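The values are calculated or read from the model by the stated rules, or taken from the named source; none is laboratory data. Bear in mind the structure is a predicted one, so any value in this text is a computation, not a measurement. In this analysis, Cβ positions are derived from the backbone assuming ideal geometry, glycine residues included, and neighbour counts consider all displayed protein chains. Heavy atoms of the whole protein, side chains included, go into the accessibility calculation; ligands, DNA and RNA do not. Shrake-Rupley method; radii C 1.70, N 1.55, O 1.52, S 1.80 Å.
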Amino acid sequence: MALGLLHATAKAEPITFFVGADPQYSFGDDALATETGLRAARILNHCTDCSKVLVVAGDLSHDKPDKARKYGEVFHLPIEKLGIKVFDGLGNHDNDNFADDWVSFDSPRGLYHMGSLASDDRAKPMSLQEIEEHNFVAPRFLGWRVYDLFLSQIDNEEKPSQDDIIWRAATSLKDSRYNNMLTSCGSFGYGDAWYCMNEDAYYYAIELNKPTYNFSFNLNFWSTPNPKPGVLLVQLHNELYSTTSTRYLKRIRDKLSSEGRLDLPVILFSHRLDGTMSPEFEQVAADMNIAAVIHGHYGCDNRSSPEKLNGHCDASNTWDDLRNWKQEIYNRNRVNVPIIDVNALLYGIFWAVQIDPSKGTIGFVRFNSKEMMVESGRGGKSFISLETGTFADLMTQVFRNNPSAINIPRRKNAIMKCDYEAGRANASNNKYSVANCSY
């Protein structure tokens, strides 16, 4: 089946998927991180117009090898066995080597496949037939396909940033475990910094669409129209502005340009935004139709509260807390795109993202999974009962059960929307604008 079928003309429709960051096993509440991922997956499973995708923006574990295994075995694999693809990325605490089926980025089969891999399949290359079959079936059923992947070291800088040099010098005095780490991998935590030191992870890009196949309405799967991609998700792992991240983003820019698709909306995923944006990164971003940058890592206004797990963001933080960032990224429409901090899964937080390419808007809803429980027998609690429906239907069900479960916009059955093409009319005049966000 020709890959070009995915570019057949069709009206772009709103696309909804889920995101989170910082489950960070061994750092916080491991059980809550696991339950939050599973609750997000259950909602996606009931959603008829959602892409079956959960993106995790780094810090899957917290420096310990057994916790890398735990992330894979209690978060990644159980969610994928529910039919939801987990597209994860590295964070500064992900220093150990993950097995191929614990994460998506460790092998091509990890990207294309759902669930656990047989040991003899993990290193087996994907055949062209397997790729074409995947790209025919997955967009119809699940709303995603692999667009690109590139094997690379992650954030192995020829010249470490001044911030990293200062950070390493300070932490080495406090903890000898940092001493065996090369300065060029200073953006990672302590230990071996496996994916920085070894070419063993993939940068990758995923095309999302609204799934078109439904057993209730389509009797002949093979005649179901191939859905048009509506948005491209680009996984840039730990450091957004690193040399390797910039190189990969340039690769995606050039590929889209060769296809005449630079107007395709793009969402960038990374864990951190430390360091300085290079002129090359700035130019590549300005050539692309970037709709948002989604990340984790940073604490919010609760950093000074010890009872709030060392400063990760939680349900108390506002929209303004999560959007404040010191740098600006402009897209091809001369719009300063929203940069959103979506942590932390370890607090029970996950987000829905809804993008409408036909209107040039991207929307965000923050869910507090701790407010999605109902009383059950013998004084216990269980996850709310859901009926299958559209994302709007499911939001209404969640809201009726407990308005506090929808946390941004706070206690409102609505979506916070931003206009990432607001400056299109001014682009030729070299004028700039800020994405307008409202609900």
Residue-by-residue Karplus 3J(HN,Hα) for region 35-49, coefficients 6.51, -1.76, 1.60, Hz, glycine and proline x: 5, 5, x, 5, 5, 4, 5, 5, 5, 4, 5, 8, 8, 7, 10
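Which links in 228/359; 228/417; 52/228 stretch past 18 Å when you go from one Cα to the other?
Cα-Cα > 18 Å for 228/417; rest within.
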Residue 387 accessible area, assembled protein chains, probe 1.4 Å, Å²: 130
Value in Å of the Kirkwood radius, where region 31-94 supplies the Cα pairs that are averaged: 12.1
Packing-based order for 232-239, 285-292, using average beta carbon neighbours within 10 Å, highest first: 232-239, 285-292
Amide H partners (placed H, <5 Å) of residue 434, local residues excluded: 336
Distance cut-off 17 Å, percentage of C-alpha pairs in region 223-264 lying past it: 44
Cα-based radius of gyration of region 312-394 once divided by 2.2 N^0.38 Å, which approximates compact folds: 1.43
Segments 313-323, 250-260 sorted - mean Cβ within 10 Å per residue, highest first: 313-323, 250-260
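With all protein chains present and a 1.4 Å probe, how do 433, 270, 358 order by accessible area, largest first?
Final ranking, largest accessible area leading: 358, 433, 270.
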